[in-house]
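Just below is one structure, and these are the notes that go with it.
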Amino acid sequence: MIAIPRQKPVFRFAPSPNGPLHLGHALSAFLNRDMAQAAGGRLLLRIEDIDLTRCTPEFEQGIYTDLEWLGIAWETPVRRQSDHFAEYQAALTTLIDRGLAYPAFLTRGEVKARVAAAGDPWPRDPDGSPLYPPDDRERSEHERQAMLASGIRHAWRLDMMKALDFIGEPLFWEESGDGETGRIAADAARWGDVILSRSDAPSSYHLSVVIDDALQGVSHVVRGLDLYHATAVHRVLQTLLDLPAPIHHHHRLITDADGRKLSKSNGDTGLADLRAGGVTADDIRHLLGL
């Protein structure tokens, strides 16, 4: 009998170059590296730069510098999402052709006004954002085509209930992280009709991340608990697009003195500033409790 070699597990660290990396990123990078080494696997680095407005080459270079300082090595070449918009568009076209995605014309201001005018509490997703109103989902095909032909700006959204009906069976994912573990039920309906692309971004995080993980052969997704519930959306897209389902490990978040998750947008202290202040990579591991 010929022995078939077992494929090595594949892990990935996938930051966005829209600000300096902070301690939360360091935790995720270390865990991905450490778990890959323990499993005899591979570590990939992916640059998630679909936001062409906020992501910059300077922040991308900062990622490489910070990771090298932490002593983390990765395989090359690095996958940069902005080089692969055509692949995301192909997946979106598949969903549109199946009638599972629709053009969404309401602006953020219009959505905010609809929510404010509602007599009853508006349903919200696990992140606390209001679900998208049903207006565009309920438009006739004739009206949709007329609006598209007019050139009005629009996004594309997944018709979640139609997608779940198309799948026709409960979805799950395997979880080994710091929250609930085991076989987790994917309750994607709570997210409503998520965005797949916008007029200013050819792909959403949800769509691009499942395409990237599949094309890169990622077997283990290690990321923060803030993305735990979003995995339900990813399982829907993976199933619709016939993509494999990685094992997930959602790790604890690093918070400040007030219990708030560290964030680049809030200007939390970056790794570069810590390095400039004399902190070492070993100090970082100690601060993270590793």
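Backbone phi angles across region 146-160, fed through the Karplus curve with coefficients 6.51, -1.76 and 1.60 (θ = phi - 60°), yield HN-Hα couplings of 5, 5, 4, 5, 6, x, 5, 5, 7, 10, 10, 10, 7, 7, 4 Hz in residue order; Gly and Pro are listed as x. In the chain, helices alone account for a calculated mean residue ellipticity at 222 nm of -10500 deg cm²/dmol, with every DSSP H run of four or more residues adding -39,500 (n - 2.57). When you restrict to C-alpha pairs under 8 Å that are six or more residues apart and normalise by the size of region 84-204, the relative contact order lands at 32 percent.
So what's the net charge close to A36: Lys and Arg +1, Asp and Glu -1, counting the other residues with Cβ under 11 Å from its Cβ? Could the numbers behind the result be given before it?
Values: positive: K8, R12, R33, R42; negative: D34, E75.
So the environment of A36 carries a net charge of +2.
Comparing P103, P15, P170 in a Gaussian network model of the chain where C-alpha atoms under 10 Å apart are linked, the largest mean-square fluctuation is found at P170. Over the C-alpha atoms of region 133-214, the Rg to Rh ratio, Rh being the Kirkwood estimate, stands at 1.06. Computed over region 1-150, the alpha-carbon pair-distance distribution with 5 angstrom bins reads 2, 7, 11, 12, 12, 13, 12, 11, 9, 6, 3, 1, 0, 0, each value a whole percent. Cα centroids of region 168-241 and region 49-80: 23 Å apart. Going from the fewest other Cβ atoms within 10 Å to the most, the residues F105, F166, F13 appear in the order F166, F105, F13.
For the chain, what proportion of DSSP beta bridges, expressed in % and rounded to the nearest 5, is antiparallel? Walk me through the numbers on the way to the answer.
Details: 14 of 28 bridges.
Once the DSSP bridges in the chain are tallied, antiparallel ones form about 50 percent.
Helix 231-240 against the longest principal axis of the chain: what's the angle in degrees, Cα atoms only, rounded to the nearest 10? Computed tilt is about 60 degrees. Calculated on the Cα set of region 199-265, radius of gyration then Dmax: 13.9, 43 Å.
What list do you get for K162, K8 if you sort them by fewest beta carbons within 10 Å?
Fewest-to-most ranking of K162, K8: K8, K162.
Pairs of Cα atoms in the chain fall into 10 Å distance bins, from 0 up to the last occupied one, in shares of 6, 25, 33, 24, 10, 2, 0 percent.
Just the C-alpha atoms of region 70-183: what Rg/Rh do they give, with Rh taken as the Kirkwood radius? Radius of gyration over Kirkwood radius for region 70-183 works out to 1.06. Counted by Cβ distance under 13 Å from H220, the other residues give a net charge of +1, where Lys and Arg count +1 and Asp and Glu count -1.
Shape verdict for region 1-87, please, from the Cα gyration tensor: rounded (a/c under 1.5), prolate (a/b greater than b/c) or oblate. Spell out each step's value before the answer.
On the way: a/c = 2.94, a/b = 1.54, b/c = 1.92.
The shape class here is oblate.
3J(HN,Hα) along region 96-105, derived from phi through the Karplus expression 6.51 cos²θ - 1.76 cosθ + 1.60 where θ = phi - 60°, amounts to 5, 4, 7, x, 9, 9, 9, x, 10, 9 Hz, with x in place of Gly and Pro.
The numbers here are math on the coordinates, done by the rules we state, and not lab data. None of these values were measured; they are calculated from a predicted model. All Cβ positions, even for glycine, are placed from backbone atoms using ideal geometry, and neighbour counts span all protein chains on display.
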